[in-house]
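Heads up: the structure comes next, in C-alpha cells.
The values are calculated or read from the model by the stated rules, or taken from the named source; none is laboratory data. Computed from a predicted structure; not experimentally measured. All Cβ positions, glycine included, derive from the backbone under ideal geometry; neighbour counts span all protein chains shown. Heads up: the accessible areas ignore ligands, DNA and RNA and are worked out on the full protein's heavy atoms, side chains in. Shrake-Rupley method; radii C 1.70, N 1.55, O 1.52, S 1.80 Å.
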Amino acid sequence: MDLKVDLLIVGAGPTGLFGAYYAGFRDLSVALVDALPEAGGQITAMYPEKMIYDVAGFPAVRGRDLVTALVRQADQWQPTYLLGRQARTLSTVDGGVEVGLADGGVVRARAVLITAGIGEFKPRPLPAGDGWLGRGVVHFVPALGVHAGQHVVVVGGGDSAFDWALALHPVAAGVTIVHRRAAFRAHPPTVRQVRELGVEIITDAEVLALRGDDRLAEVEIGLKGGDRKVLPAQTVVAALGFTADLGPIESWGVELDHRAIVVDSTMRTARDLVYAAGDVAQYPGKVKLIATGFGEAATAVNNIAVRLDPDAHLFPGHSSNAE
C-alpha cells in the first residue's frame, strides 16, 4: 500500500482525531496511523466506560462517547484511517516525509504530526495473578455490564483504581479496593467520593493468592501485622499502572525528554516537517490533559499549513464563520 497525503498523523487518540478534523478545516488531506485496531487511543483501549470530567463543555462525558464524537467530527473531511498498523520508519524524501509501516506499506506526506500519547504501553502484572489473566484478572474494563452482579476487587491506589471503583459500584454486587500503602496517588476528591459511596478500602495490604477452578472465586489478602482475609471475587482489576515507551519513534531524529518529544511554541520538533502534540509533546510548563492536546493540535496544524504554503494565514478565522 502506497498513500500520498498532505499530513500524516501518527496516533489516533483524542488529540490525533481533533488534529484530523482541524487539518481538514485547513484544506489538508490527512491520514491517521495507529498500532491499535480502533481509534481512540488510551481511552478506547483502557477506559471506554469511564466518565471524563476535564473536557471543556462537558460536565462529564463517557470515554467511548467522546471518541465517537471526535471520529464523527473528523469524518467530515474523510480522513484515511490506517488502524492496526505500526509506524516504523521515517525519512526525508523529495522535500517531504516518508513513513514506513510494519506491514510494508508506505505513506508519503508533506508533514507529520505525532500524537502518540504515551506510546506503546504494557500493564504491570499482579504478582499473585500469574495464570489468572482471562480467568478473572483484568487490567481494564471495556464493558461494565460484564461485571454486573459480581464481587470485584480493585488492586491499586492511583486514579485508575478509584475511577474503576466508581464506575463498577452501580453494577457490581460489591467492590473492594486493596492498596499496599495507606496513602493514595489518586485525586483526593475521587478518593472522597469512593469513601462516601461506602466502598470498602483495605490499605497496608497485598493480594497473596487467587483461588478458584476454571474461574476466579476468591482472593486472599495479607494485612499489616500478619493477619489474612479472604474476599469473594469473580474479578480482580489489576490497576497497577503500566510501562510505556515510544517504540520506533525514538529513532526518528526528534529530541526526547523523559520519553516525550521536545517541541517549540509552534509544536515543531527538532526534525523539519515533524510536529508533535498531546501527551507525547513536552515543553516548559506542560500540563497533560485532553483539553491541552486539543489546543496543541490546532496550533500544530495551523503552523503546518503555513509551513506547507507560506502564503497561507496562520490564523484562518473561526470555524463558526464558515458558510
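Odds and ends about this structure:
- When the residues of the stretch 234-290 are filtered to those that are within 16 Å of the chain's Cα centre (by Cα), surrounded by fewer than 24 Cβ atoms within 10 Å (Cβ to Cβ) and of a type in the set (A, V, I, L, M, F, W, C), the one that is farthest from E120 (Cα to Cα) is V287.
- Here V178, V199 are screened, and the one residue that is touching a Gly at 6+ places or on another chain (Cβ under 9 Å), in contact (Cβ under 8 Å) with a residue 12 or more places away in the chain, β-branched (V, I, T) and surrounded by 22 or more Cβ atoms within 10 Å (Cβ to Cβ) is V178.
- Of all residues in the stretch 126-140, those that are open to solvent by 30 Å² or more (accessible area, probe 1.4 Å), touching a strand residue (DSSP E or B) at 6+ places or on another chain (Cβ under 7 Å) and in a loop (DSSP other than H, G, I, E, B) total 2.
- Condition met for L168 (of a type in the set (A, V, I, L, M) and surrounded by fewer than 16 Cβ atoms within 10 Å (Cβ to Cβ)): no
- Number of residues in the stretch 184-242 that are at positive phi and of a type in the set (S, T, Y) equals 0.
- Residue within the stretch 183-200 that is of a type in the set (S, T, Y), in contact with a His (Cβ under 9 Å, 6 or more places away or on another chain) and closer than 24 Å to G149 by Cα present: no
- The criterion of at least 3 residues that are open to solvent by less than 40 Å² (accessible area, probe 1.4 Å) is met, among strands (runs of 3 or more DSSP E) falling completely within the stretch 8-114, by 30-34, 96-101, 106-114.
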